[in-house]
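Student: Take this structure first; my questions come after.
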Amino acid sequence: MASGDQISVGGERLLSVQEVAQILGICVRQVWRMVAEKKLPLPLQMGRKATRFLLSEITEYIEKLKKERIRTSAGSSGGGQ
């Protein structure tokens, strides 16, 4: 399979750890740290060495960060005097 091939199961796009790192703008090691800290969802174990993340779960994580940012900025915009 070529490196540019997209993998999907039941219409759900699957991402490699490298793709997740690229999407989030972090290194692969940081992706695994975040999984261990339960900040990112567990990947699917496709085989002994093959793991894949669901695109929908990574998108959900990003949406959660956006909501937290909005909530945090709304809470801090009260003029701190």
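The values are calculated or read from the model by the stated rules, or taken from the named source; none is laboratory data. What you see is a predicted model, and the numbers here were worked out from it, not measured in a lab. With ideal geometry, Cβ positions are generated from the backbone for all residues, glycine too; neighbour counts draw on all protein chains shown.
Student: List the residue pairs whose Cβ atoms are under 6 Å apart, where the first residue sits in the stretch 37-51 and is closer than 18 Å to Leu65 by Cβ, the second is at pLDDT below 95 and basic (Lys, Arg), and the two are 6 or more positions apart or on different chains.
Tutor: none
Student: (1) in a helix (DSSP H, G or I); (2) surrounded by fewer than 15 Cβ atoms within 10 Å (Cβ to Cβ): which one isn't true of Glu19, the others all being true?
Tutor: (2)
Student: Among the numbered criteria (1) closer than 23 Å to Lys64 by Cα; (2) among the small types (Gly, Ala, Ser); (3) at pLDDT below 90, which single criterion is violated by Gly4?
Tutor: Among (1) closer than 23 Å to Lys64 by Cα; (2) among the small types (Gly, Ala, Ser); (3) at pLDDT below 90, Gly4 violates only (1).
Student: For Ala74, are the conditions met, namely being part of a helix (DSSP H, G or I), surrounded by 13 or more Cβ atoms within 10 Å (Cβ to Cβ) and either in contact with a Lys or Arg (Cβ under 9 Å, 6 or more places away or on another chain) or at pLDDT below 95 (or both)?
Tutor: Here the answer is no, as Ala74 does not meet what is asked.
Student: Against the condition exposed (fewer than 12 other Cβ atoms within 10 Å of the Cβ) and either of a type in the set (S, T, N, Q) or assigned to a loop (DSSP other than H, G, I, E, B) (or both), how does Arg48 come out, does it pass?
Tutor: Here the answer is yes, as Arg48 does meet what is asked.
Student: Which of the residues belonging to the stretch 3-15 are under 21 Å from Glu63 (Cβ atoms), over 10 Å from the mean Cα position of the chain (by Cα), surrounded by 13 or more Cβ atoms within 10 Å (Cβ to Cβ) and not acidic (Asp, Glu)?
Tutor: Of everything in the stretch 3-15, those that are under 21 Å from Glu63 (Cβ atoms), over 10 Å from the mean Cα position of the chain (by Cα), surrounded by 13 or more Cβ atoms within 10 Å (Cβ to Cβ) and not acidic (Asp, Glu) turn out to be Arg13, Leu14.
Student: Another one. Report the residue count in the stretch 36-61 for those that are more than 21 Å from Ile7 (Cα to Cα) and of a type outside the set (Asp, Glu).
Tutor: 3
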